[in-house]
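Asker: After the structure tokens below, expect a handful of questions from me.
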Amino acid sequence: MCGIVGAVANRDITAVLIHGLQRLEYRGYDSAGIAVLDNEHCIQRVRSVGKIKNLQAELEKTPASGFTGIGHTRWATHGEPTTRNAHPHVCNDCVAIVHNGIIENHEALREQQLKEGFTFTSDTDTEVIVHQIEKYIKTTGSLLQAVKKAIQDLDGAYALGVVTTAEPGTLVCTRKGSPLVIGLGENENYIASDMSALLSETSDFIIMHEGDIAELKADSFQLYDAAGNSIERDVHVSKLSGNAVDKGEYPHYMLKEIYEQPAAIAETLEGRIGQDKVLDSAFGPKAIEIFDRIKAVQILACGTSYHAGLIAKYGIESVTSLPVNVEVASEFRYRKVVVLPDTLVITISQSGETADTLAALRKAKEIGYAHSLAICNVAESSLVRESELSMMTRAGPEIGVASTKAFTTQLVAILMLVTVLARRFGFPAETEAKVVDQLRHLPGIIDDVLGLDNEIKEVAKDFADKDHALFLGRGMHYPVALEGALKLKEISYIHAEGYPAGELKHGPIALVDKNIPIVAVAPNDKLIDKLKSNLEEVRARGGQLYVFADKDCNIKSEDGLKVIEVAPLDIAISPIIFSVPLQLLAYHVAVLRGTDVDQPRNLAKSVTVE
């Protein structure tokens, strides 16, 4: 959620910090700040509430420059979003710190530090960390040793960047439960919450592991593990460019990412499908052995990824005899769980650092689940590292908070998984070959669906002044309806709910009137006649329907019914295809309502704290 960037160099790094924070805006934040050590080894700190442009305006009033520094975009947890609560936090003009995470024992530490004479200038949990580090600097004479001792006193999650006037050419960083990477430059080194912040400076990165701590100087660095041992970690060369996280010709990241879906899905498929089959090895070297053994599946995810998991349940159970349970990760981790023998735990996450999903995976392993598979977009993430098997979605950077291409590439990965599992239950070779052919043509099909953009833009006008909306679907398209409703509510702030169409008579039909637009997804499947009956129930009560329909369904526009036709689709890929026009609908409604499409209020891209 919060974003960290830091640098130590032989040049002024203020612009590097600001640019890095701009690259991290997608994570969601409500205040920002930087602290640098100037030529006289004093801390210069500038903070502001709101967007990075506000911080830049403050810097024009109060310039700051230096060779060592840290920056931060804050998502308020403890303490309101005010300047006094913005990071970096400073103790006695000696130590400055930025922090992502939550310190659970901050109240006890604060009480202790007040007795020791420390003065608090914020309402945050972070301030107890900087006081603790400053205290240990006095006793150890070393920033590295002070940080090592201070983190032993902390309960909770953290990624930290720390500088001190006592060691002006040194930056110390550490992580536990929140992600952090080290960027390696020529005679300068960096830290950030993720690689995207530093792509304009370097392509060489070290992914810090849980408990790692590092001491960075301009011309060197030293890394230690959680036990304090000096270690080396692999250097990862990022294939991304700085342009990969620019909007380019698009007005918003979300629209850019919607239009990137054909290319993203092509990347997901690359090297993973043969002429007529999905390759088991796409899921890892042990995939065949593990898939042959499993007798049940447990899926854990949050938000949009949870909706992908629901679609996976429909898919797996339709072609195998494996029982599948799907659960919101934050619920799973706090209840007693019955563990079925030989169960494969599947976690789904865009970032691979979602706190609840990661904690749920760890609980699942602890209580005896047999095997684990991560479906994820970030190869170096904690979720991938802690899973036996992994399927990288290869969606590329997704900056818009409302997930689009990350979701559809998850669905592609899931369809490949369904296919390799089905093979073990007598799935006919000719049927698999047909699925593979559909996958191969999927990027082109989505490109055709994007051609509906202008028609959907017109439909969006009917939603712009509405306060509520219902989304309907049946079977595996019920989760598609849930995802469509989530997209609309996330970025337009319209209250929207997704329902199984068969549930209308069990309550939601009471809401139906001319002021609530109702969106339905209508594939040409075995449930289409039942769905048509549900739609007639809505029309009979004066509801205005907007139906995204397979052309073969023969549903035509008339009074109270607007049909947006999609080319005939195979049922295997239809959840992927129908998701795209719902994304476009949400986008155009949000633009008409004037909301912040890429950074909607109160939301963060990656939820790395509980």
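Asker: What are the residues in segment 13-53 that are in contact with a Lys or Arg (Cβ under 9 Å, 6 or more places away or on another chain) and free of Cβ contacts under 8 Å to residues at least 24 places away in the same chain, if any?
Answerer: 46
Asker: Just one of (1) out of contact with any Pro (no Cβ under 8 Å at 6 or more places or on another chain); (2) under 30 Å from residue 419 (Cβ atoms); (3) surrounded by fewer than 20 Cβ atoms within 10 Å (Cβ to Cβ); (4) not small (Gly, Ala, Ser) trips up residue 317, so point out which.
Answerer: Result: residue 317 passes all but (1).
Asker: For segment 15-26, check the following and say yes or no: at least one residue is open to solvent by less than 60 Å² (accessible area, probe 1.4 Å), under 30 Å from residue 254 (Cβ atoms), out of contact with any Asp or Glu (no Cβ under 9 Å at 6 or more places or on another chain) and small (Gly, Ala, Ser).
Answerer: There is no residue in segment 15-26 that is open to solvent by less than 60 Å² (accessible area, probe 1.4 Å), under 30 Å from residue 254 (Cβ atoms), out of contact with any Asp or Glu (no Cβ under 9 Å at 6 or more places or on another chain) and small (Gly, Ala, Ser).
Asker: Please list, ordered by residue number, the strands (runs of 3 or more DSSP E) wholly in segment 67-126 having 1 or more residues that are open to solvent by 10 Å² or more (accessible area, probe 1.4 Å) and more than 22 Å from residue 43 (Cβ to Cβ).
Answerer: Here the list reads 95-103.
Asker: Residues that are in a helix (DSSP H, G or I) and either among the small types (Gly, Ala, Ser) or surrounded by 17 or more Cβ atoms within 10 Å (Cβ to Cβ) (or both): does segment 557-570 have at least one?
Answerer: Checked segment 557-570: no residue is in a helix (DSSP H, G or I) and either among the small types (Gly, Ala, Ser) or surrounded by 17 or more Cβ atoms within 10 Å (Cβ to Cβ) (or both).
Asker: Looking only at segment 483-509, count every residue that is open to solvent by less than 30 Å² (accessible area, probe 1.4 Å) and under 19 Å from residue 575 (Cβ atoms) and tell me the total.
Answerer: Within segment 483-509, residues that are open to solvent by less than 30 Å² (accessible area, probe 1.4 Å) and under 19 Å from residue 575 (Cβ atoms) number 9.
Asker: Of all the helices (runs of 4 or more DSSP H) wholly in segment 375-462, which have at least 2 residues that are in contact (Cβ under 8 Å) with a residue 24 or more places away in the chain and among the β-branched types (Val, Ile, Thr)?
Answerer: Answer list for segment 375-462: 405-423, 429-450, 453-460.
Asker: Now a separate question. With the checklist (1) touching a Gly at 6+ places or on another chain (Cβ under 9 Å); (2) over 30 Å from residue 591 (Cβ atoms); (3) open to solvent by less than 10 Å² (accessible area, probe 1.4 Å); (4) among the small types (Gly, Ala, Ser) in hand, flag the one item residue 226 doesn't pass.
Answerer: Unmet for residue 226, out of (1) touching a Gly at 6+ places or on another chain (Cβ under 9 Å); (2) over 30 Å from residue 591 (Cβ atoms); (3) open to solvent by less than 10 Å² (accessible area, probe 1.4 Å); (4) among the small types (Gly, Ala, Ser): (3).
Asker: Further, regarding this structure: Name the single residue, out of those in segment 336-380 being in contact with a strand residue (DSSP E or B) (Cβ under 8 Å, 6 or more places away or on another chain), hydrophobic (A, V, I, L, M, F, W, C) and farther than 23 Å from residue 304 by Cα, that is most open to solvent (accessible area, probe 1.4 Å).
Answerer: That would be 340.
Asker: Separate question: Restricted to segment 63-108, and to residues that are among the charged types (D, E, K, R) and in contact (Cβ under 8 Å) with a residue 40 or more places away in the chain, which residue is nearest to residue 599 (Cα to Cα)?
Answerer: For segment 63-108, the residue satisfying everything is 74.
Asker: Within segment 588-600, take every residue that is over 18 Å from the mean Cα position of the chain (by Cα) and open to solvent by less than 10 Å² (accessible area, probe 1.4 Å) and give me the one that is farthest from residue 451 (Cα to Cα).
Answerer: 590
Asker: Then there is this: Looking only at residues in segment 283-342 that are free of Cβ contacts under 8 Å to residues at least 24 places away in the same chain and in a loop (DSSP other than H, G, I, E, B), which one is nearest to residue 358 (Cα to Cα)?
Answerer: Among those residues, the one meeting the criterion is 334.
Asker: Output yes when any residue across segment 251-269 is surrounded by fewer than 18 Cβ atoms within 10 Å (Cβ to Cβ) and more than 21 Å from residue 413 (Cα to Cα), and no when none is.
Answerer: Yes, there is a match, as at least one residue in segment 251-269 is surrounded by fewer than 18 Cβ atoms within 10 Å (Cβ to Cβ) and more than 21 Å from residue 413 (Cα to Cα).
The values are calculated or read from the model by the stated rules, or taken from the named source; none is laboratory data. This one's a predicted model, so the numbers in the text were calculated from it and none came from an experiment. Quick reminder, even Gly has a Cβ in these numbers, built from the backbone with ideal geometry, and neighbours come from all protein chains shown. Heavy atoms of the whole protein, side chains included, go into the accessibility calculation; ligands, DNA and RNA do not. Shrake-Rupley method; radii C 1.70, N 1.55, O 1.52, S 1.80 Å.
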